[in-house]
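Notes follow once the structure below has been shown.
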Amino acid sequence: MNLVTVIVPAYNSSRTIERCIRSLLKQTYSHKEIIIVDDGSTDNTPFICHKYMESFDIKYYSAPHGGVSAIRNLGLEKANGEYVMFVDADDYVKKNFIEKMVSALETAKCDMCICSYLRVVYNDCYPIKEFQKGGIVSRNKYLIDTLKDPGHHYFGVIWNKIFKTDIIRNNNIRFSKDITLGEDFVFSLEYLRYAKKVNVIEDKLIYYCYQDVNTLSRIKEKKISDCEKEMDNRNLIYKTYVDVMKNTGLFSKYQKQINRYWIFFYLRQKYDLIFKYKWSKEEKTLWLKEISDNKNVIEALKKYKKSEITTQYACYIVTQTTKNIIKEVIKIIKN
C-alpha cells in the first residue's frame, strides 16, 4: 500500500476546516499523511489544527501570508507520499475518496486520475455537468476534452485529481506565485506535459462547497482592479495552455477550440457588466475597452463568426439565469 500525502491549504478557515479534517480522518485508505499548510490565518484555524494534532497523526505548518501557491509549494516540499492529493479547507470528501483514486491510478497504471464531484449550495448537493465519460484516456485525449470548457472547475482545479510525486519532483513542477487565480490549471497543464495516461472515473467523491463570502478564490463585490488582475492571470495561463498544446502537437488542429478560453471570458464579462458589476457607467465603459483591447481576446473573436458568439452568449445567459434562480430559491428555503 503506497503512502498518499493529502495537502490542505488553509487561510482563515475556522468555519469549515474541522469538517474537512474529519472527512480525511474517516478515509477507508489508511496509509496516508495529512499535511495542513496555514497561510498566516488570523482566526481560530491554528487552534483547531493543533487540537487535532494532539489526538491524530496530522502535520501542521504555518507560513506568513503569501497566497495559496506559496503554501501549496511548502506542502509539496514536506510531502513524503508516493502520491499527492489536494483538498481545500472549505470542502470535504467521501470516506472512500483516497481509496477510489489510488485504485484507479494503480489498476490502470496511469499517471493521473480525475473524479467528479458534487457542488454544495447552502447545504444542498447538486451534480456538475458531465465533461468526460469514465475510462482510461491518453494524455492528448484528456487535453482535447478540456477544450469543451477550458478552465472549468472540473478541469481547472487540482482537488479532484491524484498525482505521482516522482513526476512532480523530477520535473520541478510547482505552483506559480505569479498567478493568483487559476494556478491550479497551470499546475495540471505542466504535469500533463510528462503524463502518458489518465484514468477518468465518474464517481462523485468530493463536496465542493459554495461559500457566500470572500475566500481565496472568490470575491463577492469585484472592482475593476480585481477584473484586471483576473485578465492578467488569464494571459499567463493561456500562454502555458498554448505552449502545452504545441508541445503535444495539438495546437495546429485545435487552435480555434483553444480560443474558446477567451470567448468564454469575453462573454462572461459582458454578462457581468450588465447583471452583476455595481459600477458607474464610466467604469463599465473603461473595463469593456480594456477587454476589447486585449490581444488574446481580439485574436479569439477573429476565429469565431458573430452567429457562433451570439449563440454561445444566449446559452451562457440561460445557464447563469438558471443558476442564480436556483441559488435564490435554495437561500429562501434555508432561511
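Coordinate-derived values only; no laboratory data. The shown structure was predicted, so the numbers you read here are calculated from the model rather than taken from an experiment. All Cβ positions, even for glycine, are placed from backbone atoms using ideal geometry, and neighbour counts span all protein chains on display.
Pop out the ³J(HN,Hα) list for the range 288-296 in order, Karplus 6.51 cos²θ - 1.76 cosθ + 1.60 with θ = phi - 60°, rounded to Hz; leave Gly and Pro as x.
4, 5, 4, 5, 5, 8, 5, 4, 5
Using R₀ = 51 Å, calculate the FRET efficiency as 1/(1 + (r/R₀)^6) where r is the Cβ-Cβ separation of GLU290 and VAL329; round to 0.05. Walk me through the numbers on the way to the answer.
Values: r = 35 Å, r/R0 = 0.69.
Computed FRET efficiency for GLU290 and VAL329: 0.90.
Once label points are set 7 Å from the Cα along Cα→Cβ at both ASP203 and ASN80, what is their separation, rounded to one decimal in nm?
Each label point is offset 7 Å from its Cα along the Cβ direction, giving 2.6 nm.
For the range 4-209, what is one quarter of the convex hull surface built on the Cα atoms, given in nm²? Please list the in-between numbers first.
Working: hull surface 42.7 nm².
Convex hull of Cα atoms, orientation-averaged projection: 10.7 nm².
Return the long-range amide H neighbours of THR248 (sequence gap of 5 or more, or a different chain), with a cut-off of under 5 Å between placed amide H atoms.
Amide H neighbours of THR248, under 5 Å, 5+ apart: none.
Amide H of ILE162 versus every other amide H placed in the peptide plane: which residues, excluding those fewer than 5 positions away on the same chain, fall under 5 Å?
When sequence neighbours closer than 5 places are left aside, the close amide H contacts are CYS113.
³J(HN,Hα) across the range 91-99 via Karplus (A = 6.51, B = -1.76, C = 1.60, θ = phi - 60°), whole Hz, x for Gly/Pro?
Result, rounded to whole Hz: 9, 8, 10, 6, 5, 9, 3, 5, 4.
Would you grab the residues whose amide H sits under 5 Å from the one on SER62? Only those 5+ places off in sequence or on another chain, please, with H modelled 1.01 Å from N.
ASP38
Per DSSP H run of n ≥ 4, the term is -39500 (n - 2.57); total these for the chain, divide by its residue number, and report the mean residue ellipticity at 222 nm rounded to 500 deg cm²/dmol.
Working: 14 runs with 164 residues, N = 335.
Result for the chain: -15000 deg cm²/dmol, rounded to the nearest 500.
Can you work out the Karplus-derived ³J(HN,Hα) for every residue in the range 132-142? Use 6.51 cos²θ - 1.76 cosθ + 1.60 with θ = phi - 60°, whole Hz, and x for glycine or proline.
9, 7, x, x, 8, 10, 6, 4, 5, 5, 4
Which distance in nm do the two modelled labels at LEU236 and PHE131 give, with both placed 7 Å along the Cα-to-Cβ direction?
Each label point is offset 7 Å from its Cα along the Cβ direction, giving 2.1 nm.
How long is the gain from LYS305 to HIS152 if the chain were fully straight, where each residue apart is worth 0.36 nm and the alpha carbon distance is subtracted?
That pair, LYS305 and HIS152, stretches by 52.8 nm at full extension.
For the range 4-209, calculate the relative contact order in percent as a whole number, restricting contacts to Cα pairs under 8 Å that are 6 or more residues apart.
27 percent
Which of the peptides 262-271, 134-143 is most tightly packed, and how do the rest follow, going by the mean number of other Cβ atoms within 10 Å of each residue? Mind showing how you got there, number by number?
Numbers: 262-271: 19.2, 134-143: 16.4.
Ranked from most to least packed, the peptides come out as 262-271, 134-143.
Distance between Cα centroids, the range 70-140 to the range 263-290: provide it in whole Å.
The two parts, judged by their Cα centres, are 34 Å apart.
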